[in-house]
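Asks: Below you'll find the structure I mean.
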Amino acid sequence: MSVLVYTESEGQKFKKAAFEVASYAKGVATMLGTTVTAVSINGGDSSELGTYGVDKVLEIKNDKLSTFNAKAYADAIKQAAVQEGAKVVVVSSTADSKFLAPLLAVHLNAGYASNVVELPESVSPFKVKRTAFTNKAFNVTEMPTDVKVIGLSNNAFGLKENEGAAASDAFDPSLSDGDFGVQVTAVDKATDKVSIADAEIVVSGGRGLKGPENWGMIEELADVLGAATACSKPVSDMGWRPHSEHVGQTGKPVASNLYIAVGVSGAIQHLAGINASKVKVVINNDPEAPFFKAADYGIVGDAFEVVPKLIEKLKEFKSNNA
Amino acid sequence: MKILVCISHVPDTTSKINFTDGDTKFDTNGVQFVINPNDEFGLTRAMWFKEKQGASVDVANVGGPETEPTLRKALAIGADNAIRVNTEATDGFYVARQLAKVIQDGGYDLVIAGRESIDYNGGMVPGMISALTGANFVNTCIGLEVEGDMATVTREIDGGKETSTAKLPLIVGGQKGLVEESDLRIPNMRGIMMARKKPLTVVEPIEANQETKAVQFQKPTPKGEVTLVDPENIDQLVTLLHNEAKVI
């Protein structure tokens with residue numbers, strides 16, 4: 001009856017989110033007095049998961065699962081959960097995990113709570129705290145079902161090291177043709193960039209940057225920080241930047257450790273999407289911009305002067321602290 | 001093609017979020033309710049299929065009578081029929097079971113539901129109705145074309161996008177990108193007049209469990225004042241981020 005965790009990987013390497021959900025699963029397992037079993041699908045070196053408290057890894061190696069397929073993945077994870085008699089299944093908040101989690105919950109007849117931000121408040125009754133109203137509030141959700149699926153919000157728990165044996169076991173789920181009704185035909189992905197979901201730091205640009213030609217400094221700032229780049233809604237609406245960079249209520253949610261907004265006024269919809277970030281910095285020439293009310297640190301100034309200077313200072317800082 | 005667009009009735013984005021009854025209930029006092037933005041993109045895309053491919057478009061909502069103005073708005077935008085499942089939308093799984101019944105009864109080829117509602121942000125309903133009905137499913141959908149019984153769907157993935165093909169019936173978790181913000185429609189007077197005469201069918205819920213229960217709400221602790229850094233002294237920001245915030 002171990003806690004089961006789906007540890008996502010890409011290119012046979014575990015994602016950072018995988019280590020975070022493993023850390024969280026260990027926390028839940030400790031509360032329940034049980035062990036942690038991870039499911040890895042064409043994943044990386046299982047022993048790495050031991051560092052975060054995983055006791056056993058069910059390793060699925062299957063060419064049919066070489067590209068993500070929500071139904072097939074959910075089916076495989078469900079079979080692992082049944083084999084392990086898992087009462088709690090933990091997944092991350094990546095696009096793929098959010099895609100498969102509701103399917104998994106139905107297959108397991110489980111209650112599902114997404115965007116969970118902390119360890120359960122109690123395990124009997126089982127209660128978790130999650131964000132609601134697009135980060136304007138939290139809600140404590142009670143989960144009376146026998147099996148529970150928990151979607152952990154990105155960067156909410158962090159990585160916690162813990163000894164685990166991470167003994168590896170081959171696992172071969174039986175998949176049906178019905179699992180493959182959706183066929184991927186093309187993937188268009190920037191592989192050299194940090195994605196918003198994985199990023200600890202996000203640098204975002206708004207309309208204040210005046211045009212797509214001025215994004216060089218945003219990218220350079222992101223580069224120095226190892227950050228992902230993002231943008232506000234008007235910027236993606238005008239086609240200056242791709243949709244995939246739009247963060248905010250109707251865009252991607254951001255829950256980074258540091259969020260730097262350049263030339264973003266801070267409309268309520270934008271703030272709703274990024275409020276889960278821990279530390280927020282705003283650079284804007286308008287001291288009345290609403291973002292200053294939401295930010296921890298602010299610079300009132302011209303982005304075209306401030307950002308290049310900030311890049312210089314950060315480079316100095318990096319070389320002094322290397 | 002028969003299309004169903006699932007409509008969630010949610011507080012307008014700019015609403016003040018407050019709670020009553022010892023922080024156990026959302027305070028609807030003075031709150032303006034709207035069509036969930038993620039559903040609105042799907043509804044507008046459905047209108048395109050109606051106009052260009054002769055599709056029929058129904059809308060459905062799970063909620064009490066107070067949600068009817070939101071369904072009427074969807075009818076005013078151009079949907080043909082509305083269905084309201086007469087019960088409180090307490091939990092995503094419960095709502096998905098109600099909608100799965102509506103879908104099975106209606107024999108829909110394509111179902112578009114927002115990837116999440118902006119109130120509970122559960123992100124559960126589209127995936128769950130696909131698992132309950134057995135239909136194919138694509139989430140975080142930003143592009144949708146249908147030819148005969150095959151759909152070509154683009155979804156947003158972390159750091160890019162992915163295109164797939166899937167046979168109908170198909171459930172789509174929709175969002176911005178299905179159409180652009182500038183394509184969203186505001187009901188005109190003629191639409192509003194016509195919507196009054198369009199059918200709004202009320203159906204009773206099926207028996208289903210509530211699998212999760214929101215028992216308590218909390219507001220985030222108020223944030224302190226912003227610390228302003230002089231643009232002439234950017235070193236200070238780097239120092240603060242390193243020593244005080246400990247994020248670099």
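The values are calculated or read from the model by the stated rules, or taken from the named source; none is laboratory data. Keep in mind the model is a prediction, meaning the values are calculated, not measured. Heads up, the Cβs are rebuilt from the backbone with ideal geometry, glycines too, and the neighbour counts pull from every protein chain shown. What goes into the accessible areas is simple: the full protein's heavy atoms, side chains included, and nothing from ligands, DNA or RNA. Shrake-Rupley method; radii C 1.70, N 1.55, O 1.52, S 1.80 Å.
Asks: Going out from 0 in 10 Å bins, what whole percent of all Cα-Cα distances in segment B:135-176 drops into each bin?
Replies: Histogram of Cα-Cα distances, whole percents per bin: 32, 57, 11, 0.
Asks: Do you know the relative contact order of segment A:48-159, to the nearest whole percent, from alpha carbon pairs under 8 angstrom that are 6+ apart? Numbers along the way, then the final one.
Replies: Working: 160 pairs, mean separation 30.8, N = 112.
Value for segment A:48-159: 27 percent.
Asks: Of A:Lys210/B:Lys73; A:Lys78/B:Lys213; A:Lys315/B:Lys219; B:Lys16/B:Lys246; A:Lys315/B:Lys16, which pairs sit farther than 30 Å apart, going by alpha carbon to alpha carbon?
Replies: On the way: A:Lys210/B:Lys73 36 Å; A:Lys78/B:Lys213 23 Å; A:Lys315/B:Lys219 38 Å; B:Lys16/B:Lys246 32 Å; A:Lys315/B:Lys16 42 Å.
Checking Cα-Cα distances, A:Lys210/B:Lys73; A:Lys315/B:Lys219; B:Lys16/B:Lys246; A:Lys315/B:Lys16 exceed 30 Å.
Asks: When you have a sec, figure out the Kirkwood radius of segment B:170-216 from all distinct Cα pair distances and drop it here in Å to one decimal?
Replies: Details: mean 1/r = 0.0635 Å⁻¹.
Taking the inverse mean of 1/r over all distinct Cα pairs, segment B:170-216 comes out at 15.8 Å.
Asks: Just the Kirkwood number for the protein assembly as shown, please: inverse of mean 1/r across all distinct Cα pairs, in Å, one decimal. Mind showing how you got there, number by number?
Replies: On the way: mean 1/r = 0.0413 Å⁻¹.
In the protein assembly as shown this quantity evaluates to 24.2 Å.
Asks: Residue by residue, what Karplus-based ³J(HN,Hα) values in Hz, rounded to whole numbers, does segment B:107-121 have, using 6.51, -1.76 and 1.60 with θ = phi - 60° and x for Gly and Pro?
Replies: Here the 3J(HN,Hα) series is x, 7, 8, 9, 10, 10, 10, x, 4, 6, 8, 8, 8, 8, 6 Hz.
Asks: Note the angle between two axes, namely the Cα long axis of helix B:92-106 and the longest principal axis of the Cα atoms of chain B, as a number of degrees from 0 to 90, rounded to the nearest 10.
Replies: Between helix and principal axis, roughly 20 degrees.
Asks: Taking the Cβ-Cβ separation of B:Thr24 and A:Phe180 as r and a Förster radius of 56 Å, what is the calculated FRET efficiency to the nearest 0.05? The partial results should precede the final answer.
Replies: Values: r = 44 Å, r/R0 = 0.78.
Calculated transfer efficiency: 0.80.
Asks: Under 19 Å from the Cα of A:Lys127, which aspartates and glutamates turn up, not counting those fewer than eight places away in the same chain?
Replies: Output for A:Lys127: A:Glu118, A:Glu142, A:Asp146, B:Asp23, B:Asp91, B:Glu211.
Asks: While we're on this one: Run through the DSSP bridge list for segment A:160-296 and note the antiparallel percent, rounded to the nearest 5. Each step should come with its number before you reach the end.
Replies: Details: 0 of 16 bridges.
Approximately 0 percent, going by the DSSP bridge assignments.
Asks: Once you have a ≥ b ≥ c as the square roots of the Cα gyration tensor eigenvalues for segment B:117-158, tell me rounded if a/c is under 1.5, and otherwise prolate or oblate according to whether a/b is larger than b/c. Please list the in-between numbers first.
Replies: Values: a/c = 2.58, a/b = 1.38, b/c = 1.87.
Verdict is oblate for segment B:117-158.
Asks: Shifting gears a bit: Go through segment B:159-225 and name the GluC sites (Glu not before Pro) that are in a DSSP coil and have 13 or fewer other Cβ atoms within 10 Å of their Cβ.
Replies: Working: sites: B:Glu162, B:Glu180, B:Glu181, B:Glu207, B:Glu211, B:Glu225; in loops: B:Glu180, B:Glu207, B:Glu211, B:Glu225.
When the GluC sites (Glu not before Pro) of segment B:159-225 are filtered for loop state and at most 13 Cβ neighbours within 10 Å, B:Glu207, B:Glu225 remain.
Asks: For helix A:16-32, what angle does its Cα long axis make with the longest principal axis of chain A, in degrees from 0 to 90 and rounded to 10?
Replies: Once rounded, the angle reads 50 degrees.
Asks: Would you mind checking the tilt of helix A:70-84 against the longest principal axis of the Cα atoms of chain A, expressed as 0 to 90 degrees and rounded to 10?
Replies: Tilt of helix A:70-84: around 50 degrees.
Asks: How many angstrom lie between the C-alpha centres of segment B:97-156 and segment B:22-36?
Replies: 26
Asks: Among A:Gly11, A:Gly151, A:Gly248, which one shows the biggest mean-square fluctuation in a GNM of chain A, springs joining Cα atoms closer than 10 Å?
Replies: Comparing A:Gly11, A:Gly151, A:Gly248 in a Gaussian network model of chain A, the most mobile one is A:Gly11.
Asks: On alpha carbon coordinates alone, what is the Rg over Rh value for segment A:189-322, Rh being the Kirkwood radius? Working shown, then result.
Replies: Values: Rg = 13.5 Å, Rh = 14.5 Å.
That ratio is 0.93, to two decimals.
Asks: For segment B:183-248, take every pair of Cα atoms, bin their distances at 5 Å starting from 0, and report each bin as a whole percent.
Replies: Going out from 0 Å in 5 Å bins, segment B:183-248 shows 3, 9, 8, 8, 7, 5, 8, 11, 9, 7, 7, 10, 6, 0 percent.
Asks: If amide H atoms are built 1.01 Å from N in the plane of the peptide, which residues on other chains or at least 5 residues away come under 5 Å of the amide H of A:Asn162?
Replies: A:Tyr52, A:Gly53
Asks: Could you work out what % of the accessible surface of segment A:22-160 is carbon and sulfur, using a 1.4 angstrom probe and leaving DNA, RNA and ligands out of the count? Write out the running numbers ahead of the final one.
Replies: On the way: 1930 of 4000 Å².
That fraction is 48 percent.
Asks: Label segment B:90-228 by shape, choosing from rounded, prolate and oblate, from the square roots a ≥ b ≥ c of the eigenvalues of the Cα gyration tensor; if a/c is under 1.5 it is rounded, and otherwise prolate applies when a/b is larger than b/c, oblate when it is not. Present the calculation step by step, with values, prior to reporting the outcome.
Replies: On the way: a/c = 1.34, a/b = 1.21, b/c = 1.11.
Rounded shape, in that the Cα axes give a/c under 1.5.
Asks: Would you compute, from DSSP H runs of 4+ residues alone, the mean residue ellipticity of the protein assembly as shown at 222 nm, taking -39500 (n - 2.57) per run and dividing by the full residue count, rounded to the nearest 500?
Replies: Values: 15 runs with 158 residues, N = 570.
Helices in the protein assembly as shown give a 222 nm mean residue ellipticity of -8500 deg cm²/dmol.
Asks: If the elastic network links every pair of Cα atoms under 10 Å, which of B:Thr140, B:Thr221, B:Thr90 fluctuates the most in the Gaussian network model of chain B?
Replies: Of the options given, B:Thr221 has the highest mean-square fluctuation.
Asks: If I build a Gaussian network model for chain B, linking alpha-carbon pairs within less than 10 angstrom, which residue out of B:Ala76, B:Ala208, B:Ala113 has the largest mean-square fluctuation?
Replies: B:Ala208
Asks: Taking only the C-alpha atoms, wrap a convex hull around segment B:1-77 and report its volume per residue in Å³ as a whole number.
Replies: On the way: hull volume 7.2 nm³, N = 77.
Per-residue hull volume (Cα only) is 94 Å³.
Asks: Report D for chain A in µm² per second (integer): Stokes-Einstein, Kirkwood Rh on Cα pairs, 25 °C, 0.890 mPa s.
Replies: Values: Rh = 20.8 Å.
Once the numbers are plugged in, D ends up at 118 µm²/s.
Asks: B:Lys197 to B:Glu225: FRET efficiency via 1/(1 + (r/R0)^6), r the Cβ-Cβ distance, R0 41 Å, to the nearest 0.05?
Replies: Values: r = 55 Å, r/R0 = 1.34.
After rounding, the FRET efficiency stands at 0.15.
Asks: Holding the Cα-Cα limit at 22 Å, pick out from A:Lys15/A:Lys293; A:Lys189/B:Lys50; A:Lys15/A:Lys64; B:Lys50/B:Lys176 the pairs that are longer than that. Please report the intermediate quantities before stating the final value.
Replies: Values: A:Lys15/A:Lys293 34 Å; A:Lys189/B:Lys50 32 Å; A:Lys15/A:Lys64 20 Å; B:Lys50/B:Lys176 19 Å.
A:Lys15/A:Lys293; A:Lys189/B:Lys50, as the Cα separations exceed 22 Å there.
Asks: Bins of 10 Å, beginning at zero and ending with the bin holding the largest distance: percent of Cα pairs per bin for chain B, please.
Replies: 7, 28, 30, 18, 9, 6, 1
Asks: Return the ratio Rg/(2.2 N^0.38 Å) for segment A:1-109, where Rg is computed over Cα atoms only.
Replies: On the way: Rg = 12.4 Å, N = 109, 2.2 N^0.38 = 13.1 Å.
Ratio of Rg to 2.2 N^0.38 Å for segment A:1-109: 0.95.
Asks: Once amide H atoms are placed 1.01 Å from N in the peptide plane, what residues at a sequence separation of 5 or more from B:Asp27, or on another chain, have their amide H within under 5 Å of its amide H?
Replies: B:Asn18, B:Phe19, B:Thr20
Asks: Give the residue list of trypsin sites (Lys or Arg not before Pro) in segment B:1-77 that are DSSP loop and have at most 14 other beta-carbon atoms within 10 angstrom. All intermediate terms of the calculation are to be shown ahead of the outcome.
Replies: Numbers: sites: B:Lys2, B:Lys16, B:Lys25, B:Arg45, B:Lys50, B:Lys52, B:Arg72, B:Lys73; in loops: B:Lys16.
Those satisfying the criteria are B:Lys16.
Asks: Run the numbers on segment A:120-260 and let me know its relative contact order in percent, using alpha-carbon pairs under 8 Å that are six or more apart. Write down the numbers at each step before the final one.
Replies: Working: 152 pairs, mean separation 27.5, N = 141.
Relative contact order comes out at 20 percent.
Asks: When the Karplus curve 6.51 cos²θ - 1.76 cosθ + 1.60 is applied with θ = phi - 60°, which whole-Hz ³J(HN,Hα) does each residue of segment A:96-107 get, with x for Gly and Pro?
Replies: 5, 5, 5, 6, 8, 4, x, 5, 4, 4, 5, 4
Asks: Additional query: If you take the square roots of the eigenvalues of the alpha-carbon gyration tensor of segment A:82-127 and sort them as a ≥ b ≥ c, do you get rounded (a/c under 1.5), prolate (a/b over b/c) or oblate? Mind dumping the intermediate values first?
Replies: Numbers: a/c = 1.98, a/b = 1.15, b/c = 1.73.
Cα axes put segment A:82-127 in the oblate bin.
Asks: For chain A, calculate the relative contact order in percent as a whole number, restricting contacts to Cα pairs under 8 Å that are 6 or more residues apart. It would help to have the intermediate numbers written out before the result.
Replies: Values: 714 pairs, mean separation 46.5, N = 322.
Averaging sequence separation for qualifying contacts and normalising by length gives 14 percent for chain A.
Asks: Something else about it: Can you work out ³J(HN,Hα) from phi for every residue in segment A:217-234, in order, using Karplus 6.51 cos²θ - 1.76 cosθ + 1.60 and θ = phi - 60°, giving whole Hz and x for Gly and Pro?
Replies: Calculated HN-Hα couplings, in order: 6, 5, 5, 5, 4, 5, 4, 4, 8, x, 9, 8, 9, 9, 8, 7, 4, x Hz.
Asks: Would you please give the residues with an amide H less than 5 Å from that of A:Phe126, counting only those at least 5 places away or on a separate chain, with H modeled from the backbone geometry?
Replies: A:Met143
Asks: Could you list the trypsin sites (Lys or Arg not before Pro) in segment B:174-248 that lie in coil according to DSSP, counting only those with at most 12 other Cβ atoms within 10 Å of their Cβ?
Replies: In loop regions of segment B:174-248 (DSSP not H, G, I, E or B), the sparsely surrounded trypsin sites (Lys or Arg not before Pro) are B:Lys223, B:Lys246.
Asks: Could you name the aspartates and glutamates whose alpha carbon sits less than 15 Å from that of A:Lys309, not counting residues in the same chain fewer than 8 places away?
Replies: Hits, sequence-local ones excluded: A:Glu219, A:Glu220, A:Asp223, B:Asp230, B:Glu232, B:Asp235.
Asks: Could you work out the longest stretch of chain A that avoids the GluC sites (Glu not before Pro) located in DSSP loops with at most 16 other Cβ atoms within 10 Å? Could you put the intermediate results ahead of the total?
Replies: Working: sites that count: A:Glu118, A:Glu121, A:Glu161, A:Glu163, A:Glu288.
Segment A:164-287 is the longest.
Asks: Given segment B:54-183, what percent of its DSSP beta bridges are antiparallel, to the nearest 5?
Replies: Working: 14 of 28 bridges.
The antiparallel fraction comes to roughly 50 percent.
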